[in-house]
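Enquirer: Sharing a structure, written as structure tokens. Questions coming.
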Amino acid sequence: MRWEGDLTSPFSSGDRIYTDRMNLDVESSRDSGRELPLAFDFLGRRVAVAKVVDQWFGADHRYCKVKGDDGAVYILRVVEHSSCWQLTLFSSPRMQAVAASSGT
């Protein structure tokens, strides 16, 4: 797992989300020829995918919006031909509460 941005950078004032990409180790299964995430490692802990909320496609990649067993929402990006998974967005009620209480 490699973080490609500054994990301590402040959230945006409105959305309170991380938006830099991070490579992930993802456990996946195949459904109709496509990989679907089952679980992934995030900041030293295992997150099980409770639900795949949505999917959308790019030229050579696909995004999966998932809800983790921790209640957070994640958008994962997979490059189809290489099975390279990245985290592109993370939002959690806990982090939003922390940011709100700190005034950011």
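Enquirer: Among the residues of the stretch 13-27, which ones are open to solvent by 40 Å² or more (accessible area, probe 1.4 Å) and modelled with pLDDT of 75 or more?
Expert: 25, 27
Enquirer: Restricting to the stretch 29-47, what's the tally of residues that are under 12 Å from residue 69 (Cα atoms) and of a type in the set (Lys, Arg)?
Expert: Selection size over the stretch 29-47: 2.
The values are calculated or read from the model by the stated rules, or taken from the named source; none is laboratory data. Quantities reported herein were computed from a predicted structural model and do not represent experimental measurements. Accessible surface areas use protein heavy atoms only, side chains included; no ligands, DNA or RNA. Shrake-Rupley method; radii C 1.70, N 1.55, O 1.52, S 1.80 Å.
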